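All remarks here apply to the structure that follows.
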Amino acid sequence: KQEVTQIPAALSVPEGENLVLNCSFTDSAIYNLQWFRQDPGKGLTSLLLIQSSQREQTSGRLNASLDKSSGRSTLYIAASQPGDSATYLCAVKGTSGTYKYIFGTGTRLKVLA
Amino acid sequence: KAGVTQTPRYLIKTRGQQVTLSCSPISGHRSVSWYQQTPGQGLQFLFEYFSETQRNKGNFPGRFSGRQFSNSRSEMNVSTLELGDSALYLCASSSGEPAGELFFGEGSRLTVL
C-alpha cells in the first residue's frame, strides 16, 4: 500500500531564503508525482508534474526533482517571498491498476517579511 | 480555457439532510475525482468517474455516492448527513490517462449543524 510522507509538517523562513520541501513515498512503481499549493480555504493549484521517466521539472523559481529508486521528491523554492506562504502537498499516482492519487499531509510554509 | 468549476461554494445543512454537489471538469477531460478534506484527516479520496463509470472508490460509507453525465459533469451526493461530514469537498479533473495531470476546483465548503 502506497504511503506518502511530507516532512516537516510546518516551516517558517525569512524572506529571500532558498528552501527545500521533502516528499517520500513507499512504492516506487508510480506513473508520476505532482506538487500542489493550497491557500487557506481554497482548492489545490498544480505547481509541477514529474513523469516517472523524468528526473526534474522547473517552473520559474520552483524546481522539483524525483528519485524513484529512493522514493523521494524535493521541491526547491528559490528566493522565497511572503506570497509563497501556503501549504504544499505532493501526490503520487501508482501503476497498480487503480487510478487514484495518494496525497501527503502537506508542509505548511510561512515566509516572513 | 475554463478551469474546474464547483457549485455551490458554501452550504450549511442540518444533520439528517442530504446534499448534492456539482463539478464541471475542464473541457475535454473525461475523468472526475472527488476528495474530502478535513483538518484531522487531510485529503481523502472518495471516488473517481471516467466516461460515466465509477472507476475507483475510496473507503467511505454508502451514504456517499456520485455519478457522471455524458458531458463529463459530475455530482456527488451525501445522504443522512452527520456532523463529521463537515469538510471541504474538492473535485479534480484530468484527461483520464494514467499519467494525466490533476487539476482541482475551488471546492465546496459543507457545514453540518
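The values are calculated or read from the model by the stated rules, or taken from the named source; none is laboratory data. Computed from a prediction, not measured in an experiment: that's the story for all the values here. Every residue, glycine among them, receives a Cβ derived from its backbone with ideal geometry; neighbour counts consider all protein chains shown.
Taken over region B:86-109, the residue count meeting the criterion of being within 8 Å of chain A (Cβ to nearest Cβ) and modelled with pLDDT under 90 is 3. Residues that are in contact with a Leu (Cβ under 7 Å, 6 or more places away or on another chain) and either surrounded by 15 or more Cβ atoms within 10 Å (Cβ to Cβ) or more than 21 Å from residue B:79 (Cα to Cα) (or both) within region B:12-25 comprise B:13, B:19, listed in sequence order.
Is one or more of the residues making up region B:12-31 closer than 19 Å to residue A:40 by Cβ and free of Cβ contacts under 8 Å to residues at least 40 places away in the same chain? Let's see the steps before the verdict.
Here is the first cut: in region B:12-31, the residues closer than 19 Å to residue A:40 by Cβ are none.
Within region B:12-31 (the criterion being closer than 19 Å to residue A:40 by Cβ and free of Cβ contacts under 8 Å to residues at least 40 places away in the same chain), the answer is no, since none of the residues qualifies.
Within region A:44-56, not a single residue is in contact (Cβ under 8 Å) with a residue 12 or more places away in the chain, part of a strand (DSSP E or B) and touching a Pro at 6+ places or on another chain (Cβ under 9 Å).
Just to be sure I understand the filter: pairs with C-beta atoms under 7 Å, separated by 6 or more residues or on different chains, first member in region B:58-78 and within 14 Å of another protein chain (Cβ to nearest Cβ), second member among the hydroxyl-bearing types (Ser, Thr, Tyr). Which pairs pass? Taking only residues 6 or more apart or on different chains, the pairs are B:66/B:49; B:66/B:74; B:68/B:49; B:68/B:74. Residue check: residue A:9 meets all listed conditions (1) more than 10 Å from every other protein chain (Cβ to nearest Cβ); (2) over 21 Å from residue A:108 (Cβ atoms) but one, namely (2). Considering region A:63-113, and only residues there that are surrounded by fewer than 18 Cβ atoms within 10 Å (Cβ to Cβ) and in contact with a Phe, Trp or Tyr (Cβ under 7 Å, 6 or more places away or on another chain), the residue that is nearest to the other protein chains (Cβ to nearest Cβ) turns out to be A:95.
Within region A:18-41, being buried (at least 16 other Cβ atoms within 10 Å of the Cβ) and over 16 Å from residue A:92 (Cβ atoms) holds for A:19, A:37, A:38.
The set of residues in region B:26-53 that are away from chain A (no Cβ under 11 Å), surrounded by fewer than 17 Cβ atoms within 10 Å (Cβ to Cβ) and in a strand (DSSP E or B) comprises B:38, B:53.
Screening residue A:41 against (1) assigned to a loop (DSSP other than H, G, I, E, B); (2) of a type in the set (Gly, Ala, Ser); (3) away from every other protein chain (no Cβ under 11 Å) leaves a single unmet condition, (3). Looking only at residues that are at pLDDT 80 or above and not in a strand (DSSP E or B) in region A:96-113, which one is nearest to residue B:93 (Cα to Cα)? For region A:96-113, the residue satisfying everything is A:104.
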